[in-house]
Amino acid sequence: MSEDIRNNPDLSEHPDTLTPNEPISKPLEPDSAENPAGESVAPENLPGESVDEAPESADKSPDTPEEPAPEPEPEPVPEAEKAPVRVYPLLTVEAKAAPTLCSRLFNGLSLLYPLILTALLLGAAFFQLQHIRGLWAPEETVLAEVLKNMLNGDWIVLQFNGSVYYDAPPLYFWFLAGIYKLLAWPALGFLHVLLPHSLAALMFIGAALSSLFLLWATLFAARYVAGFDRRGCFASGCVLLGFFLFAGTLHYNCMDTLFAALVVMAEAMMFLALKRSSSMWRMGLGFAFAALAFLVKGLPGLLVPVACAVLFAFWQARPWRLLRKDFLLGFIASLLPVVLWVGSIWASGHHEVVVRLIREHFIGPVLNGWQFNEAWWYYCLVLPLMLLPWAFLILFPNWLGLFSKGAFKVIAGAFRGAYQGLSFTWLSLLCAGAGFLFLSSKQPAALLLLVPPLAIIAGRLILGLSPLRNMFLHRLFALFFILLALIFAVLPVYISGQAPSVLDWLGGLGIPVLGVEIGGAYIIALACLVAGCLFIGGLNSRRPEGMLLVMLLLVTGLSWPVSLLAAPSLDKIMSPQSACPELEQYAGNGYAALSLGVPVAPFVHQTGGAGMTLLQDAEALERMRNENGKFILLAEAEAWDKLPEKPALTEVRKFRLAAGQYVLLAHEGAATAPAEAGQTPAGAAVTGAPEEETASSAPPED
C-alpha cells in the first residue's frame with residue numbers, strides 16, 4: 001500500500017482511494033471488512049497478466065512477514081480460471097479523491113436503493129396522475145381508440161375506425177385492459193379515491209407502471225448481469241431516472257417503455273442461463289419475456305435478445321451452448337404465444353387478417369427494416385438530444401484503449417470471468433441499436449431500447465472516473481444547465497418583448513410557441529440554474545456521488561412543473577379534443593364525420609365510436625353533399641382556401657395543431673328542421689364541449 005494511504009487513516013478506510021498503479025491480488029468484495037464503502041473496484045493486474053503473474057508491490061510494510069518461496073514448478077492455471085485483466089475495454093477504474101459528505105450519503109442511500117428509486121418514480125407518477133392532460137395526436141389518440149374498441153368488443157382482433165388495426169400486436173392493450181379490470185375489483189375500491197377514473201387516466205397509469213417495470217428490469221440487469229454491488233446498482237438507477245427521455249415516459253403514452261422492459265428481462269435471463277452448462281427455467285423465462293416483447297411490438301422483440309445471446313455464445317467460443325436442450329426448447333416455446341394469437345384469429349374466420357399480420361409483423365421488419373422515414377442526419381441529430389443530459393459521457397470512455405497494443409486480447413478475455421456480464425451489456429447495447437432499425441415506426445420514443453444498457457454502462461463509467469475527469473464532467477453539466485436556464489428565461493422575454501414580473505415567475509409564465517405558451521418555463525429555468533450553480537461550486541467536483549444525487553433529484557423534481565404547467569399548456573396544439581371540441585359535440589349529435597385529404601387517425605377518437613370517413617377529392621364531397629345528409633368536414637385550411645369551387649358549408653372553427661392548421665365545416669342538409677333537445681342547429685358554431693363525459697373519455701362499464 002502506498003505511503004500516503006498508510007499515513008492517512010481516513011483514506012485507508014476506503015478502497016476507492018487506491019493509487020493508479022497499486023496492484024491488488026483480487027477484486028474487493030462489496031461490503032466486506034476490506035471494503036466498508038461497498039465500492040466497485042476492478043482488479044488491478046497488468047494487461048494480459050493473471051493474478052498469479054502480478055508483480056509484488058515494492059512498497060512493503062516492514063511488519064509484513066516474508067512469504068515462503070514459490071514452488072519451483074507451479075501447476076499451470078487453466079485459461080478459463082485466470083483472473084480478469086486490469087484494464088477493461090473502454091472503462092477503467094481510476095484513483096479517486098477522499099470521501100466527502102455526498103459520497104457517504106450516497107453509500108448510505110445505496111443500502112436501500114430499490115426502495116428509494118421506486119419511491120421517487122412512483123411519487124412523480126402519482127403527481128402526474130393528479131393533473132391528467134388531454135390525449136395527444138397521433139399516437140395517444142389512436143391507442144385510446146383501439147383500447148376503447150377492445151373493451152367494448154373483440155380482444156383478439158383489434159379494431160380502429162371500423163377496420164382491423166394492424167400496426168401493433170395486442171399485448172399492450174391487454175395490459176391496459178388488465179389494469180382497468182384490476183381497478184374495477186371491489187377490494188381495490190380505495191384506489192378510486194386516489195386515482196382519477198377515465199380512459200386518459202387509465203393510459204397514464206399504464207405508462208407509469210411500464211416505467212416502473214423498466215426501472216426494475218434495469219436494476220435487475222445491473223445486479224445480476226453486470227455484477228454490480230449496491231453502489232453500482234444505485235448509480236445505474238440514478239443515471240436511468242436522470243435521462244430526460246425516461247422521465248418523459250411518465251408524461252407520454254407509448255408501448256416502447258413496456259417493450260424495452262421485456263427485452264431487458266429476456267436478455268438478463270438468457271445471460272444467467274448461458275453462464276451455466278444448462279438451466280431450463282432461466283432460459284425458459286428468458287424466452288417467455290422475449291415472446292411477450294414480440295406481442296408488444298412484433299418480431300424485433302424476439303430478434304434482439306436472441307441475437308444478443310447468440311453473439312455472446314460465439315464470442316465466448318461456446319457455440320455448442322446454443323445446441324443444448326434448454327435453448328432449443330425455449331426458442332420453440334417462445335413461438336407458442338404468437339402461434340396461439342394468430343391461430344385464434346384464423347379460427348375466428350379472419351383469414352385475410354392473418355395473411356396481413358404475417359406480412360406486417362413477420363416479413364415486414366426483415367424486408368423493410370432499413371427504410372427510414374427521415375434523412376440520416378435527422379437521426380444523428382435526434383440521438384444525442386434524446387440521450388441528454390448524459391450524452392456528454394461519450395467523451396469519457398477510454399476509446400484510445402481500443403487501439404492499444406494487445407487490445408484485442410484484452411477484449412476477448414473480458415468475455416470470461418468477472419467482466420463477462422459487463423461485456424454482455426455492451427452486446428445488448430449494440431443489439432438494441434440494430435433492433436431500432438427493424439422497428440416499423442422509428443420514432444424517437446423507440447430509442448428507449450438503448451437507455452437500459454446505456455444506464456448500466458454509464459453508472460460503471462461515472463464511479464470509475466478520476467478526480468480530474470470528474471471535475472471536467474461537473475463543468476460540462478454546469479455549462480449545460482446554465483445554458484438551458486438562459487434559454488428558458490430569456491426566450492419568453494425575447495418573443496413577448498417584455499420583462500416578467502414576480503407573479504409571472506411564480507405563475508410559471510410560458511414560452512409562446514405556435515400561438516400557445518409552454519407553461520412553467522421560468523420554474524424550469526430556476527431549477528436548471530440552481531443545478532448549474534451546484535455543479536460549479538456547491539459540490540465536491542472531484543467525486544461523482546453528489547452529481548448523481550443532484551441529477552436524480554433535479555429530473556424527478558421537474559415532473560411537477562412539467563405535469564402541472566408545461567404538458568397541459570401544449571394541449572392546444574397537441575390534443576385535438578382541446579383544439580377543436582366542436583368536432584366531438586357535432587359527432588355526438590348525429591353528424592357524420594368526414595375528412596377531405598386529412599389523415600383521420602388523430603381525430604377518430606373524438607367521434608365517439610362513430611368513425612370518420614376519408615374523402616379523396618372534392619367530387620366525393622359533392623356527392624356526399626347531394627345526398628342531403630348532415631355532416632361535419634375536416635380539411636386543411638390552406639387547401640380549403642385554394643379550392644376553386646367550394647360547396648356551401650358553414651365554417652365552425654379554424655384551429656392549429658402541431659401538424660398544421662385545419663378548418664372544421666358543417667352541413668345541415670336540405671331542410672332546416674327545428675333543433676332537437678341537445679342538438680346543434682344548422683350553421684351554428686358550437687362554443688364548448690358537452691358537460692358530461694362521453695364514451696370516448698371514460699372506459700365503458702362492465
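With a/c under 1.5 counting as rounded, go ahead and sort the stretch 200-289 into rounded, prolate or oblate using the C-alpha gyration tensor (a ≥ b ≥ c being the square roots of the eigenvalues; past the cut-off, prolate if a/b is larger than b/c, else oblate). Let's see the in-between values first.
On the way: a/c = 3.45, a/b = 1.51, b/c = 2.28.
It is oblate, given that a/c is not under 1.5 and a/b is not larger than b/c.
How would you order 107-118, 587-598 from highest to lowest mean count of nearby Cβ atoms within 10 Å? If you can, show how the numbers build up before the last one.
Details: 107-118: 16.8, 587-598: 19.9.
Most protected by this proxy first, the peptides run 587-598, 107-118.
What does the convex hull of the Cα atoms of the stretch 140-188 come to per residue, in Å³, rounded to a whole number? Each step should come with its number before you reach the end.
On the way: hull volume 3.7 nm³, N = 49.
Each residue corresponds to 77 Å³ of Cα convex hull volume.
What distance in nm separates the two pseudo spin-label positions at Phe472 and Ala347, each 7 Å out from Cα along the beta-carbon direction?
6.2 nm
Along the three principal axes, how long is the stretch 530-666 when you take its alpha carbons, biggest first, rounded to the nearest angstrom?
Sorted largest first, the three principal extents are 77, 30, 20 Å.
Quote to one decimal, in nm, the extra length available between Arg656 and Leu111 on full extension: 0.36 nm per residue of separation minus the C-alpha distance between them.
Details: separation 545, 0.36 × 545 = 196.20 nm, distance 5.08 nm.
Using 0.36 nm per residue and subtracting the Cα-Cα distance, I get 191.1 nm.
Assuming 0.36 nm per residue, please report the length gained on full extension of the stretch Val382 to Lys642 beyond their Cα-Cα distance. Walk me through the numbers before you get to the answer.
On the way: separation 260, 0.36 × 260 = 93.60 nm, distance 3.52 nm.
Stretched fully, the Val382-Lys642 segment lengthens by 90.1 nm.
By per-residue mean of other Cβ atoms within 10 Å, what is the highest-first order of 129-137, 153-161?
Numbers: 129-137: 19.7, 153-161: 16.7.
Top of the packing list down: 129-137, 153-161.
Once you list every other residue whose beta carbon is under 13 Å from the beta carbon of Trp315, what net charge do they have if Lys and Arg are +1 and Asp and Glu are -1? Provide the component values of the computation, followed by the final result.
On the way: positive: Arg318, Arg321, Arg416; negative: none.
It works out to a net charge of +3.
On the protein heavy atoms, probe 1.4 angstrom, tell me the percent of accessible surface of the stretch 98-180 carried by carbon and sulfur.
Working: 2170 of 3110 Å².
Ligands and nucleic acids excluded, carbon and sulfur reach 70 percent.
Take peptides 346-354, 526-534 and line them up by average Cβ neighbours within 10 Å, highest first, as a rough protection proxy.
Working: 346-354: 13.0, 526-534: 19.1.
Peptide ranking by packing, descending: 526-534, 346-354.
How long is the gain from Leu340 to Gln443 if the chain were fully straight, where each residue apart is worth 0.36 nm and the alpha carbon distance is subtracted? Walk me through the numbers before you get to the answer.
Numbers: separation 103, 0.36 × 103 = 37.08 nm, distance 2.93 nm.
This chain segment gains 34.2 nm when fully extended.
Please compute the modelled spin-label separation between His197 and Cys533, points set 7 Å along Cα→Cβ, answer in nm with one decimal.
Each label point is offset 7 Å from its Cα along the Cβ direction, giving 4.7 nm.
Kindly state, to the nearest 0.05, the FRET efficiency for Ile332 paired with Glu627, given R0 = 60 Å and r defined as their beta-carbon distance.
Values: r = 56 Å, r/R0 = 0.93.
Computed FRET efficiency for Ile332 and Glu627: 0.60.
Once R0 is set to 41 Å, what does the formula 1/(1 + (r/R0)^6) return for the Cβ-Cβ distance between Leu322 and Lys181, expressed as a FRET efficiency to the nearest 0.05?
Working: r = 40 Å, r/R0 = 0.97.
The pair Leu322/Lys181 has a calculated efficiency of 0.55.
Assign one of three labels to the stretch 599-645, namely rounded, prolate or oblate, based on the Cα gyration tensor with a ≥ b ≥ c the square roots of its eigenvalues; rounded applies when a/c is under 1.5, prolate when it is not and a/b is larger than b/c, and oblate otherwise. Please list the in-between numbers first.
On the way: a/c = 2.37, a/b = 1.29, b/c = 1.83.
Because a/c hits 1.5 or more and a/b fails to exceed b/c, the stretch 599-645 counts as oblate.
The values are calculated or read from the model by the stated rules, or taken from the named source; none is laboratory data. Keep in mind the model is a prediction, meaning the values are calculated, not measured. Heads up, the Cβs are rebuilt from the backbone with ideal geometry, glycines too, and the neighbour counts pull from every protein chain shown. Only protein heavy atoms, including side chains, enter the accessible area calculation; ligands, DNA and RNA are left aside. Shrake-Rupley method; radii C 1.70, N 1.55, O 1.52, S 1.80 Å.
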